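Data block below; observations after.
The values are calculated or read from the model by the stated rules, or taken from the named source; none is laboratory data. This is a predicted model, so every value here is computed, not measured. Here the Cβ positions follow ideal geometry from the backbone for every residue, glycine too, while neighbour counts run over all protein chains shown.
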Amino acid sequence: MVQVVSVLGALAILAAYTANQFRLIGPSNVSYALLNFVGAGVLTVIAVIESQWGFLLLEGVWTLVSLFALVRLARGGGSPRRSH
């Protein structure tokens with residue numbers, strides 16, 4: 001069962017990545033951030049259960065960054081602007 005949940009989490013992240021590559025959605029789209037957040041969150045939980053510390057670091061940070069993006073989008077912000 002853990003493997004099935006892991007695959008679903010990975011598929012969520014891959015769906016966001018693939019949709020971005022085909023320019024169907026982008027980083028400033030809520031669905032992109034949500035797919036990354038859900039997928040990485042699922043994989044973070046799996047990493048804790050399986051005591052995979054390197055994987056936990058990767059997915060934990062990915063989850064936090066995706067959560068930050070979701071909060072920013074919910075507040076009406078788009079993608080971060082770079083100053084030159």
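Looking only at the stretch 41-68, filter to residues that are in contact with a Gly (Cβ under 6 Å, 6 or more places away or on another chain) and of a type in the set (Ser, Thr, Tyr); which one of those is farthest from residue 7 (Cα to Cα)? Step through it out loud before you land on a result.
The first filter runs over the stretch 41-68 and keeps only residues in contact with a Gly (Cβ under 6 Å, 6 or more places away or on another chain), leaving 42-44, 63.
Retained after the next criterion (residues that are of a type in the set (Ser, Thr, Tyr)): 44, 63.
Working: 44: 13, 63: 16 Å.
Only one residue fits best here, namely 63.
Taking residues in the stretch 20-39 that are at pLDDT 95 or above, and partners anywhere that are among the β-branched types (Val, Ile, Thr) and part of a loop (DSSP other than H, G, I, E, B), the pairs with Cβ atoms closer than 9 Å and at least 6 places apart or on different chains are 31/25; 32/25; 35/25. Consider residue 45 carefully, then state whether it is among the β-branched types (Val, Ile, Thr) and either surrounded by 12 or more Cβ atoms within 10 Å (Cβ to Cβ) or touching a residue at least 12 places away in the same chain (Cβ under 8 Å) (or both). It is true that residue 45 is among the β-branched types (Val, Ile, Thr) and either surrounded by 12 or more Cβ atoms within 10 Å (Cβ to Cβ) or touching a residue at least 12 places away in the same chain (Cβ under 8 Å) (or both).
For the stretch 5-51: of the residues being in a loop (DSSP other than H, G, I, E, B) and hydrophobic (A, V, I, L, M, F, W, C), which is nearest to residue 62 (Cα to Cα)?
25
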